[in-house]
Amino acid sequence: MPPNGFVSLVGAGPGDADHLTLGALKALQLAQALLYDALVSEDILALAPQKCVKICVGKRGDRLSVSQDKTNELMVRLAKKGLHVVRLKGGDPSVFGRVEEERQYLDTHDIGHKTLPGVTAASAAAAQFSFPLTHRGEARSVTFLTGRTKDGAIDLRDESISDPMASLVFYMSSHNATHIEASLLRAGRSPQTPVVIIENAGRHSAQLRTGHLCNLAWLVCDASFDGPVLLGIGVAFAYARKLIAENLACVEVEAKHNSERLMATFGN
Ligand code: SAH
């Protein structure tokens, strides 16, 4: 029997490879077996060695291609072959990532593991569309919530729901927009509270829709989504800016122009 391998539980970030940490990149480059979520992008998968075994254990909402139990078993089976297994998860493994279930299973089977953080979808969205999640004097906390729970119930009793200075970010919740809108209005949130709906955060295909709490459900209904979606609710989201891609192109042109000017002035 070979000695047991090791499992790295790695956050891939929510979008393209730019969001990977250096630690995640190193783990990927040393992967002998890769178990990855459906939300992990192709350019990230391409960073693993060619001969590394790559298995999609993708989960998208209700559609489970591989059950959590199977994923756990697969991790252990591969590690028991003495392999370095990378369990690559979308975003940050510690945010709605079931990482604790996986760690406990590995502990039970005596497999060593470590967790590497990733950029969560809310952080990527905030950077991409230039809004803060907290803002001095206006938004003093941020709460990550979900409209999807294990037993299918939604429980919105969190205190932040009614706090006008709390930013709320809902993961896995676009199908529950009607319920969320009604619950927040009932809890006393102003109908004019800014909302954002962000699809594919951290990717070139990202889409931002903006509005107010009183038309959240309508905004979600009116859109057809192909990718993963976040809902942001709170005053901080009023700062969302749309033209980031164009701005980025301008910055690149300007940077090139400036470096050419510097070269001309100071030589090489
Ligand atoms: N661990 C992940 C979240 C996994 S739960 C993280 O930290 O980001 C899956 C949910 O995350 C999706 O249903 C969606 O609500 C959100 N999500 C993941 N990637 C996203 C993306 N690129 N854009 C918008 N939302 C995303």
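The values are calculated or read from the model by the stated rules, or taken from the named source; none is laboratory data. Remember, predicted model here, so these are calculated numbers, not experimental data. Neighbour counts are summed over all protein chains in view; Cβ atoms, including those assigned to glycine, are modelled from backbone coordinates with ideal geometry.
Screening the candidates Val85, Val119 for the property of being in contact with a His (Cβ under 6 Å, 6 or more places away or on another chain), surrounded by 20 or more Cβ atoms within 10 Å (Cβ to Cβ) and of a type outside the set (Lys, Arg) yields one hit, Val119. Determine which single condition Leu184 fails, assuming it passes every other condition in (1) out of contact with any Ser or Thr (no Cβ under 6 Å at 6 or more places or on another chain); (2) part of a helix (DSSP H, G or I); (3) within 15 Å of the ligand (Cβ to nearest atom). The single condition Leu184 does not satisfy is (3). Filtered by the rule that a residue be touching a Ser or Thr at 6+ places or on another chain (Cβ under 7 Å) and within 22 Å of Glu73 (Cβ to Cβ), segment 8-37 gives Leu9, Ala27, Leu35.
Reported count of residues in segment 119-169, each being away from the ligand (no atom under 15 Å from the Cβ), at pLDDT 80 or above and of a type in the set (Gly, Ala, Ser), is 8.
Please work out if Ala79 is modelled with pLDDT of 95 or more, within 13 Å of the ligand (Cβ to nearest atom) and either of a type in the set (D, E, K, R) or in a helix (DSSP H, G or I) (or both). Answer is no for this residue.
Suppose the filter is closer than 19 Å to Tyr171 by Cβ and within 16 Å of the ligand (Cβ to nearest atom); does Ser65 pass it? No.
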